[in-house]
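What follows is calculated from the coordinates using simple rules that are stated; it is not laboratory data. Because the structure is a prediction, the values reported are computed rather than measured. Cβ atoms come from the backbone with ideal geometry, glycine included; neighbour counts cover every protein chain shown.
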């Protein structure tokens, strides 16, 4: 049974794990930022690979606990998924963050930029969703 | 970086991955449910977000207190403070991708680790988007 209390606890685990990176290494747990730095091959960036490897391994462990949380088949078309990935990568790079860096770490440290980024991607996301539904491709 | 530091960083990533799966953020319908403001709204993401932000905020305050006492490594926060068009434009592009794909960098990398085939497609496209953003941001 998947309850709101369990979801809240899972969120708490996310906050604690992101907090561990801040306290132990002084770094923000922003996935797109960490990935972008790895792509740029930033100096002293070895920790980025450890983090990304841990993240994927965490997904594997999580799926062993809750197999039904991983959908084998994505509900949308392949072309739409590719477009989504391109826009997510582009938007995260230009906006300097994604749902983890801006959403949780940024809001968690009361950053104005991050809070506005979250408000923007959520409202534009909601608007896009409405447009997709009206277009019959929701 | 010492081996122990790499292990701590990997553990942070691992915790994030487990949390994202247990919080069901790897399910596209959960992400889309959050931005479906005028339809079948699903509070799962916001419940997860509240748990994560509260715990992270505590970790943030603790990290600041440790830094004041001279603890290392130094905290590495973004230096940009200004709210500009690039931030909001990037977040808007991100929002469109979020609604189209129902996933974002953290959940996609976790789902990839769990062996979801669609995540491979999404992550490949996302890397393309990050590289494109890298060119534009220069």
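Here are some notes:
- Each eigenvalue of the Cα gyration tensor of chain B, multiplied by 5 and square-rooted, gives one semi-axis; in descending order these are 28, 20, 19 Å.
- Label separation (residue B:71 vs residue A:78): 4.9 nm, computed from points 7 Å beyond Cα along the C-beta direction.
- Summarised as an ellipsoid, segment A:1-106 has semi-axes of 23, 21, 14 Å, derived from the eigenvalues of the Cα gyration tensor scaled by 5 and square-rooted, with the largest first.
- With the simple spin-label model, which puts each label point 7 Å out from Cα in the Cβ direction, the residue B:41 to residue B:85 separation comes to 3.3 nm.
- Pair residue B:7, residue B:124: separation of 7 Å Cα→Cβ label points (nm): 3.6 nm
- Evaluated over the Cα positions of segment A:18-74, the convex hull gives a direction-averaged projected area, one quarter of its surface, of 5.0 nm².
- Cα gyration tensor shape of the protein assembly as shown, rounded if a/c is under 1.5, else prolate or oblate by comparing a/b with b/c: rounded
- Rg(Cα)/(2.2 N^0.38 Å) for segment B:1-80, N = residue count: 1.45
- Pairwise centroid distance, computed over Cα atoms, of segment A:59-138 with segment B:81-123, Å: 4 Å
- Where a label projected 7 Å from the Cα of residue A:44 along Cα→Cβ would reach, residues of segment B:1-31 with amide N under 12 Å: B:1-2
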